[in-house]
Every structure is written in structure tokens, then in C-alpha cells.
Amino acid sequence: MVNEIKGGCDLNTIIKYGIILIILAFLSLTFGGVAGSTSATAACGFAKNLRKDMFYSIQNYSFENIDKFLTSSLITRMTTDVTNVQNAYMMLIRVAVRAPLMLVFAFVMAFVMGGRMAWIFLVVVPILAIGLGIIIYKTFPLFKKVFTKYDALNKSIQENIKGMRVVKSFVREDYEKKKFEAAAQDVYADFTRAERILALTGPLMQFCMYVVMIFVLSFGSYTIITSRGLDFDIGQFSAILTYNFMILVSLMMLSMVFVMITLAAESAKRIVEVINEKSTLTNPENPVYTVKDGSISFENVSFKYSKKAERMVLANINLQIRSGETIGIIGGTGSSKSSLIQLIPRLYDATEGTVKVGGVDVRNYDLEALRNQVAVVLQKNVLFSGTIKENLRWGNKDASDEELVEACRLACADEFINQFPNGYDTYVEQGGANLSGGQKQRLCIARALLKKPKILILDDSTSAVDTRTDAKIRKALREYMPETTKIIIAQRTASVEDADRIIVMDRGSINGIGIHKQLLAENAIYREIYYSQNKAGDQSEN
Amino acid sequence: MKTNQVKNKKGIILRLFKDILEFYPVMLPVVIVCILFNAVISSIPAVFMQNIIAIVEKSWQSGDWNAVKENILYLVFILGIFYILSLVSGIIYNQMMAFITQGTLKKFRVKMFNNMQTLPIKYVDTNNHGDIMSYYTNDIDTLRQMISQSFPQLLVSSVVVITVFGIMIYFCIWLTLVVILGVIAMLFVTKRVGGGSAKYFIRQQKALGHMEGFAEEMMNGQKVIKVFCHEEESKKDFDKINESLFNDSREANRYANILGPILNNIGNVLYVFVAITGGILLITNAPNFSLSGLAMGISIVVPFLNMTKQFVGNINQVSHQINAVVMGIAGAQRIYDLIDEEPEQDNGYVTLVNVREENGQLIECKERTGIWAWKHPHSSDGSVTYTKLAGDVRLFNVDFEYEPGKTVLHDVSLYAKPGQKVAFVGATGAGKTTITNLLNRFYDIADGKIRYDGININKIKKADLRRAIGMVLQDTNLFTGTVMDNIRYGKLDATDDECIAAAKLVGADDFISRLPDGYYTMITENGANLSQGQRQLISIARAAVADPPVMILDEATSSIDTRTEAIVQRGMDALMEDRTVFVIAHRLSTVKNSDVIIVLDHGRIIERGNHEELLAKKGQYYQLYTGAFELE
């Protein structure tokens, strides 16, 4: 076109080229638009699928898998890491195809149009490539290092916010400021170092462009004039300047993609870790779907949480529990009370020996069938944001309102729910923040009762409930669920006194089994716990 | 709080600019000059190219290189000088920008952090901690993007656009008019598409927050989900949220991605129109209308086409920065909200000083004597009185409300003589913690009076008041650092021996010396590598080394086993010795050993007396004591 304007000044030709160019522009717009739009869909869809795969994978985790990851780390993986990968992916599909194509095309065109002039690119491009390579090579480890420091800085802010009361009550504001300033300075210094190297990219590219410009302008005009436009004419002249720009821009984009991909690689690794984490518990091939009764037996059971752990958390447990029995379990922290009961609904697998429910090895049951019959009220229990009703229906999503009220009555939750203005439709904040500890525990018990389980396990579930209500709940369970096996772990001896049998745990083994009076007479640990809780009362009563 | 007011965007940008100028009074102007210089210089080569092409055009048929050699090489030489200048200024401003960007971020971080230290405790109590954190992470990140990329880009592009525009007018006004039409179209598109993009980007941020909240809640309750076989339901809920996030982010990115091609191709079409118009002008030999008065010729049209490209390219660049700028302004706004947050007021003038006793007189002195006194200047007669620090605390008819109209403490009066122990007992929400919050002025009382050693605490400087009152909280907040550092937190100039002595006093020495590195064991993540009881012991030792005459203790409710509990209890007891103590009691033995037990209910004192008296009364305390009442 430039040739035409220069040469013929034929308006028709110009318009002809113009129309072609406009059509090309529309095509380019359509394709560009479609590409932009589809790449957005593709990248966001990719991110969506990653999040979904992660979440689904986490849902299939066993307790052992859950223990491995921190919640905060899982969240970062689902947010920041996915965003990194998404951005890199979008760059990749938008640029990684286009830039090399553009590069090759521009190269070819430069040689076709520019002839000998194009050789200059063979000099300049390697310089640029090597320069970019050095920059990436130098900055990448720097960035990696500084991001760790940056994380630490943010962690220290978090610590400060959480501990504000401590800071204020010790009047350590100035000390904290100084500490923070130093850490921030450190991060600043490292970031600046990395960014300064990275900031050389622009000038480097400019440098290459200028070299080509100067070469083409001087040597080009020389060639045109000396050859009288035979070897090289003005049209080629301006064409090669355009291609110069195209080549350098596409190289630049490629290097950017490269940087993004290397940065995203770390994120991708962390995502894949979550997705590839295989659940350590799987359903058997021909699972048993019905649980006959609530009898439980431990046969030579030993257990440790991790294969690497040296010491067994539970050692050689033998225990028979009849269907419908009420069992109390008591013992100090670290005596493995919770570990013991978590084997029953197969939250963990026993390392050695077998755990049987209803006479069948728990590993032979369908997991869902087993867990529906073995209800556990966990020590660290959680209510979810939603109404009380919604929370209760976790136990049985088809439960009628009458059933909900019935379960709450047994768990002594009905009394306080009715005092709320909205009753059962009262909204529970995340983690049950708007309920007291005792209220939360009672709701959790009610939620478990709705399952109508054959085995009910309460793991220290009434610690915040007053003794009178505690006794009332136990009485209700005994009277209304005689068929159900009940296992109660407690800190207070008062909570287990009336159990059919009490198991005293100590350092991963059974120290004694018996009824209250018997243990009080024979078992030293039980006696110690009992007296430490009742001694003060006895004295003052006198 | 004035947080939610929508302030005008220009105001925010102006303030940001002012602040950066204040941080870098020399560097910023230099950078701006360099950027402008660089931009102007980058648009000048077009002029030289035009000149060279004009020469070549004139003489290519002659084949006589020597005739034009000098002329061309001279132009190339000048061009080279401009290139070098451009490179140098480019390197200078890029390097300086690295300092300015990172330095500004650092200064904003420090500013936010410093102001946060001065805020009343209410700020931390009433704001979500995750939200506060995001000032330091998300908002700072958006600012980084805006300062390091958008600002220079905008500056460069606007200068280039203006310069190129000038040159265009210089060459040919007819062609310039064509370009202006194209620019109007581009601005229109940018506004429509770019606006849509910004809207969805902000929606995407919100959706992301929603997804994060949901995932966090589910993962915290993951074990409960397992126990109730609730996996499928939670997957379904997640899918819904994930889908809406996908929609928002797809729209946002779609708009952003489409904007480039649209602008580019408007540019292409514009290019064609300029070429055609140029052709027509050339063929019809139309008179040129320009500032330069140059005649229409190929040497005008060719560079004009290049300039059109440059022009469009720069407008395109600006449009790419729109999202960054919109989010950057929102981020800056939030950062300023934190920086502007009203600090805690302190009108106290009574201070705590070291004194010497001479002939029954208290003489102020600089060195540490171990004896402290309140220095109380009286404005009426200019005299100064000294009162020995003793630890006598009295409350007179105190009322308090967290929110206006919702009184949580009613007419509370009580006293603790030096060395006495006062225990607070009552259900959650009865007002136990609230009273302790008032003593060290975390919150100010609505009505009544609190006196420390006979001085109204409103007259005491807050820092000194807090130094005179120690605190051991239920949530033991330890800081990253060694065990020794954490103990020393109570008294920064304490020697190692003093710290160890404090640890021994409260019975923490035993377990600390059994840690892998003893006192130099690193504590991480709020002491996750220590047990609950061990963390409590360290926080007790920390209070012990500070050695204040008055202590506020909040006993932990959490179920630690009997044996550890006994050790912690002994530590607490050691700490309480010879001090005035206010204790939020959960343990029977603590309550029993107190001089006074205050039973609170709904913000009122309903019973008071010692253990025996209260038991004999058979009232509320008796019920609590016998476990017939819910106590937390």
C-alpha cells in the first residue's frame, strides 16, 4: 500500500487495498474477539474445574488426609494459587500460540521483504534472548526468596492483630512498630533488588529496537540509493521497520509468558498435591450395607496416626461391648480416649487387629452405611451458618419438624431454642458464634440423635453443660434409646458414674474396667481424678 | 468511622500522589522528568525517519550515494544520540521506579501498622481480622500494580499522544481530523467495554471472597461433614458458589480480553482511512493545511501512517490499565481508611516514675530503684505530688455500654486493697471480662469513677496505667521468636537470668529446659508446637517478669487434663502472691482462695463476700458451686 501511494497514486488501487485491509480488520476483530472471549471462558472454566476438583477431592479425604493439611493452606491453594494458574493459563492460550506464530511470520516476511537487511535480526535477536534469559535466571530465585519473607511479614501482622490486647497491656506498641519496620525494610530491600533487575527488560528491548532502526536507516538508505531501488526499495524499507517492531514485541511477550509460567508452576504443584492426595480409606469391593446391632468388639487393636510414628497411640486393646450398653470412658489428656472411639465409625483404620461392629469387621462395611449407624459427637464440634433447623437436618435431611423437636427435647436443647424469638428458624452464625458453649454442645447432640443410630458416641460433648442438664440428657438417652449402644467420654467422673461400665484409659491402654464403686475402690487413676474433682467440695461441705 | 463514604476518586489519586512526593521529594520529580523525556524522545524519531525517507525518495534514482551520504549519516547520528538519551533516561526511571514502588508500599505498610498500634482495642474487637489483614495483602497488591505499571504507562501514553498529536497537526490537519474521529470511537468503546470490565472485576472479587468464606467454613468442619456423610450436599453447595464465581470472572475477563482487539482494529480501520484520505489528497493535489506549511507529499503520508499506529497503540495501552486503576483506587481508599482511623485518645497527665525514699519523702530519680510512684502535677497551683505505687483499685458506681443505649454494666462498685484477691464469677455475658477491660482503659466507662491508688484513672497516662496492671488472658498470644524472647516481652530490658527466674517462679522452667533448644526454642504459629498448658505457662512467666502490682487474670476454661491444670494453677498462684489480683475464675480453688468473690449477673453484682459467707447464703453462688448452674 505504501508502495502504491508512493508509486502510482492510483486511487482505485488504494481503495482496493483499503477495502481488503478493512475486511482483514473485521476478520481480525471477530477472531480476536472470539479468541478473547473463548480464552476468558476457557481460563475461568479451567480455574472453576480446578477449584471443583480440589473441593471434591477434599470431601473424599479421610481424617488422616485432613490432618495432613492446614485449613489456611487449603484455602490459599483454592484462591491465590488457582488465580495464579488461571492467569498463566490465559496468557498461555492467548499469547503462546500467537507470539511464536507472529515471530515466525515476521521473520519470514522480514526476509522476503527486506532481503539482506533482515540479517540484522540474526544478530539482535540472540542478544535480546540471552539478555532476557539472564534477567529471568537472576530474578527468579530472588522472587522465590522474597515471597517467603513476605509471607512471614504478613504472618507477623496477623499475630499482632490477634495479640493486640497483649501488646497494649504490656505497652509494647513502640517495640512492635520497630520490629515491624525492620521486617518491612528487609522485604523492601529484597523486592527492590529483584525489581531493579527486572526493570532492565524494557531498556534492553528498546536497545535492540534502536540498533535495528539505526542499521536499517543508514545501511538501508545506502543500499537503496546505490542500487537505485533494485535491491531494496522504499516499501521494503518501511516494511522491515514494522517487522522489527513485531519481532521484538513477540519475543517480549514470550519472555513474559515464560516468567508467568515459572511463577505459576509453584502454585500448580501445590494444587496438584491436593487433587492427587488419595484418600487413605476406601470402600471395600462387596460392602455390607446393613449393620445388625450396636455391639462393638476390639480384637488386639493397636493404632498410630502416622506410619512413621514410633509409639503406638493405642496398644493391644481388647474390648467387647454389648448392644445397648452404656459405656463411660475417662482418662487424662493423651490417654487416647478419642483415638479409641474414632476407630468405631472407621474414621481411621486400626494399624493392627480388627474392630467389629455388629459382628462384622468395620472395613467390610459400606462407609456411609456404617457412619449412618454410628453417630459421633466430636470433641471439636462445629455448627454451620444457617438456621437451627438446617443444622439439625444434617443428621437426617428428611426429618419432620416433630422429629427435630423430639431430638432437641432429648438433648435438652428444646428449652433454650424456644426462648429465641425465631425458635427453630434462628440463624446460627458461622461456627455457632451466637450460641453459648453449652447450647452448641446440646445442638450437636440433637443433630446426632436425629440419625437414630445403633451406636452413639459422645466425645466430651457435655463439658460446657451444667451437671444437672448433663444428668438429664443421660437419663433421656437411657430411657428413650435403650437399644442404642452409648459411649460417653468425659472429663468429669460425675458424667460417667451411672454408666453400665466405665473404662479408664491411660497412655493408650485400658487401665481398668468396672462400675463406679468398684473403680473407686480398685483403680488408682480413677480415684485420683474423682478426688481432684470432688475434694474441694467435700471439705467445704464439712 | 467514615469508612463507607464514597470519596471522590480524584481526591484519592491526588492524595496518593502527594504522599509519594512526600516520601520521595527528589526522586519522584526526577522520575517524572525522565518518563516525560523518554516519552518525548521516543516520539521524535518519526521526524528523522521522515527526513531520511524524504532524502532517499528524492535521490534514489540518481544512485549517487556520496551526494546524500553526509546528510543521511548526520541525521542518523542525531537519531542515535536521541536513542542513547532515551535509553539512559529509560534505565534511570525504571531503576528509580523500582525504589519508588517498593518504597511506597513499604511506607504504606509501616504507616498502616503504626496507626494500627495506636487504635483503641475496640477496632480490633469490632473488625473481622481477615478484613484487617487484607489491607496489608490485597489492597497493597492493587496499589503495587497501579504505581509500578499504570502510572508510568498513563504518563508515557498521554505524553506520547499529545506529542504525536502535535506533530500530526504540524504535518497535516486534514489527516489529523480523520484520526480524531477514530479516537472518539475508541474512547466510546473504552468507556463502555472498560466500564463493564471494571464492574465485573469488582464483582469477581466479591464472589471470590464468598467462595473463600464458604470453603473455609466447610474445611473447618470437614470432620463433622465426614461423620454425617454430608459430602455430597456440601459438594452441591460448593458447585453453586463456584459457578457464580466462574460467571463473574468469565465476564470480567471477557470484557478485558475483547477490549484489546476492538481498539486494535478500530486502529486498523483508522489506518486505512488515513491512507485513503492521504491518497485522495495526493492525487487531487489538494492544498495542504498545516502548521508547517509543508506541501502534501509522500514524505508526509508515510510517517503519518506510522504516527497513527503509535497513537492507537498508546490509547490501547491506556485502556489496558483501566482495571488496574479502578482496583488501585479502591485499594488506596481502603488503605487511607485504616491510616485515617482515629487513634486512641489519651489525656492523662499523671505518670509513673522511679523514686527514692529519703526521710519519708519520695524523691524522683532517673535510675531504676524498684520503687515506683505516681507523679501528679496539679494545674491549679503548679505543685507536684508523688503517690507511691501500691495497687489499690476502687470502682465507684460504674456504668458501661459498648454501644450507646445498651448498658452492660450497671452501678458496679467494688474495691481491692493492695494484695487482695477479687474473683469474678458468673455466666457468659454477665460482665466479668467487661470489668477487666475497663480497669486498664481498653474501654472507657460511661458513668462513675475508677481510682488507682486514689487517682482517677482518666488522669493517668494510658501507657503508665497499663504498665501498672498486668494481664494474663485466656487466649495465650505468643509471638514468633524464642521462648526467651516471649518471656522478655514483659520487660524488654530483663536479663536472661531474670527471665529464667520468672519461669522458675511460675513453674515453667521444668518443661522449657526439656524443649529441644531450651529457652532458645523457636515458637511458631502462635505456639502450635507447644501444648495449651505450656503456652499458658509461658504467658504467665511473661507477666511475672513484668512484675506489676496489679494483675488481671482470665483463667482458661478449656479442658486441659488434671495434671497440667495443677501445674498451671501453681504458676497462677505464684504470680498472684503479694499482688492485687482480679481474676475471672473458672476453678474452684481460685475462687475459694479469694478475699472477695463478686457474683455477676447481667451486668449487676448480685452477691459478694468470701467463699464461706456465700455458701452459707445458699444463693446463686451456692448453685454455681454445686454445679447446678451452667458456668463457662
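Compared with the dominant Cα axis of chain B, that is its longest principal axis, helix B:532-546 is turned about 80°.
Counting every Cα pair in the stretch A:2-276, what percent are over 27 Å apart?
62
For A:ALA189 and A:ASP425, the FRET efficiency from 1/(1 + (r/R0)^6), where r spans their Cβ atoms and R0 equals 60 Å, is about 0.60.
Computed from label points 7 Å out along Cα-Cβ, the spacing between A:ALA182 and A:VAL123 is 5.4 nm. Ranking B:VAL318, B:TYR402, B:GLY370 by how far each Cα lies toward the positive end of the dipole of the protein assembly as shown (charges on Cβ) leaves B:VAL318 at the top.
Fewest to most neighbouring Cβ within 10 Å: what's the order for B:TYR402, B:TYR135?
Ascending number of Cβ neighbours within 10 Å: B:TYR402, B:TYR135.
Taking the empirical scaling 2.2 N^0.38 Å for compact globular proteins as reference, the protein assembly as shown has a Cα radius of gyration ratio of 1.19. When the square roots of the Cα gyration tensor eigenvalues are ordered a ≥ b ≥ c, the ratio a/c for the stretch A:296-541 is 1.5 or more and a/b does not exceed b/c, which makes its shape oblate. Going by a ≥ b ≥ c, the root eigenvalues of the Cα gyration tensor, does the stretch A:16-153 fall in the rounded group (a/c under 1.5), the prolate group (a/b larger than b/c) or the oblate group? Oblate is the answer for the stretch A:16-153, as a/c is 1.5 or above yet b/c matches or exceeds a/b. Based on Cα atoms of the stretch A:257-341, Rg over Rh with Rh as the Kirkwood radius reads 1.20. The convex hull built on the alpha-carbon positions of the stretch B:393-625 has an orientation-averaged projected area of 12.9 nm². Per-residue Karplus couplings for the stretch A:414-428, computed as 6.51 cos²θ - 1.76 cosθ + 1.60 with θ equal to phi - 60°, are listed in order as 4, 4, 7, 4, 5, 7, 6, x, 9, x, 6, 9, 4, 7, 9 Hz, Gly and Pro entered as x.
For A:TYR531 and B:LYS191, the FRET efficiency from 1/(1 + (r/R0)^6), where r spans their Cβ atoms and R0 equals 51 Å, is about 0.05. Over all Cα pairs of the stretch A:381-451, how is the pair count split among 5 Å bins, expressed in % and running from 0 up to the last occupied bin? For the stretch A:381-451, the pair-distance distribution reads 3, 20, 34, 30, 12, 1. As an equivalent ellipsoid, chain B spans semi-axes of 73, 30, 23 angstrom, where each value is the square root of five times an eigenvalue of the C-alpha gyration tensor, largest first.
Angle check, please: helix A:467-480 long axis (alpha carbons) against the longest principal axis of chain A (alpha carbons), in degrees 0 to 90, nearest 10. For helix A:467-480, the angle is close to 80 degrees. Over all directions, the projected convex hull of the C-alpha atoms in the stretch B:375-495 averages 10.4 nm² in area. For the pair B:GLU217 and B:PHE17 in one chain, pulling the backbone fully straight at 0.36 nm per residue adds 68.0 nm over the alpha carbon distance.
With the charge dipole of chain A set up from +1 on Lys and Arg Cβ and -1 on Asp and Glu Cβ about the Cα centre, the Cα lying farthest toward the positive end among the listed residues A:VAL291, A:ILE503, A:THR13 is that of A:THR13.
A simple charge model with +1 on the Cβ of Lys and Arg, -1 on the Cβ of Asp and Glu and nothing else charged puts the dipole of chain A at about 960 debye relative to its Cα centre. Calculated translational diffusion coefficient of the stretch A:356-489 (10 °C, 1.306 mPa s; Stokes-Einstein with Kirkwood radius over alpha-carbon pairs) equals 105 µm²/s. As I understand it, the dipole of chain A uses +1 on the Cβ of Lys and Arg and -1 on the Cβ of Asp and Glu, about the Cα centre. Which of A:TRP119, A:ILE261, A:THR462 lies farthest toward its positive end? Comparing the listed Cα positions along the dipole, A:TRP119 ranks first. Overall, the stretch A:420-542 carries a charge dipole of about 360 debye about its Cα centre when +1 sits on the Cβ of Lys and Arg and -1 on the Cβ of Asp and Glu, all other atoms neutral.
Using every pair of alpha-carbon atoms in chain A, split the distances into 10 Å bins beginning at 0 and state the percent of pairs per bin, rounded to integers. Going out from 0 Å in 10 Å bins, chain A shows 3, 12, 16, 17, 14, 11, 9, 7, 6, 3, 1, 0, 0 percent. Label positions at A:ASP349 and B:ASP485, each projected 7 Å from the Cα along the C-beta direction, are separated by 4.3 nm. Rounded to the nearest 20 debye, the dipole size of the protein assembly as shown about its Cα centre is 2100 debye, using +1 on the Cβ of Lys and Arg and -1 on the Cβ of Asp and Glu.
Under 1.5 on a/c is rounded, so check that first for the stretch B:235-378, then, if it is not, pick prolate when a/b is larger than b/c and oblate when it is not; a ≥ b ≥ c are the square roots of the alpha carbon gyration tensor eigenvalues. The shape class here is oblate. Here the label points at B:ILE169 and A:ALA309, each 7 Å from Cα along the C-beta direction, are separated by 8.0 nm in the simple model. Annotation: lysines with alpha-carbon distance below 29 angstrom to B:LYS69 (same-chain offsets under eight excluded): A:LYS6, B:LYS58. Per residue of peptide B:55-62, the mean number of Cβ atoms on other chains within 10 Å of the residue Cβ is 5. Over all distinct Cα-Cα pairs of the stretch B:156-306, the Kirkwood formula returns a hydrodynamic radius of 19.6 Å.
Among the listed pairs B:LYS375/B:LYS432; A:LYS138/A:LYS269; A:LYS52/A:LYS308; A:LYS475/A:LYS517; A:LYS278/B:LYS226, those whose Cα-Cα separation exceeds 27 Å are B:LYS375/B:LYS432; A:LYS52/A:LYS308. Within the same chain, lysines fewer than 8 places from A:LYS472 are excluded, and of the rest, those with a Cα less than 17 Å from its Cα are A:LYS440, A:LYS486.
Axis angle, to the nearest 10 degrees, between helix A:437-449 and the longest C-alpha principal axis of chain A: 90 degrees. Going by neighbour counts of Cβ atoms within 10 Å, the residues A:THR223, A:THR38, A:THR148 line up, fewest first, as A:THR148, A:THR38, A:THR223. Going from the fewest other Cβ atoms within 10 Å to the most, the residues B:TYR349, B:TYR136 appear in the order B:TYR349, B:TYR136.
Any read-out appearing in this document is the output of simple, stated calculations on the displayed coordinates, not a laboratory observation. Everything numeric here is computed off the predicted structure, so don't read it as measured data. In this analysis, Cβ positions are derived from the backbone assuming ideal geometry, glycine residues included, and neighbour counts consider all displayed protein chains.
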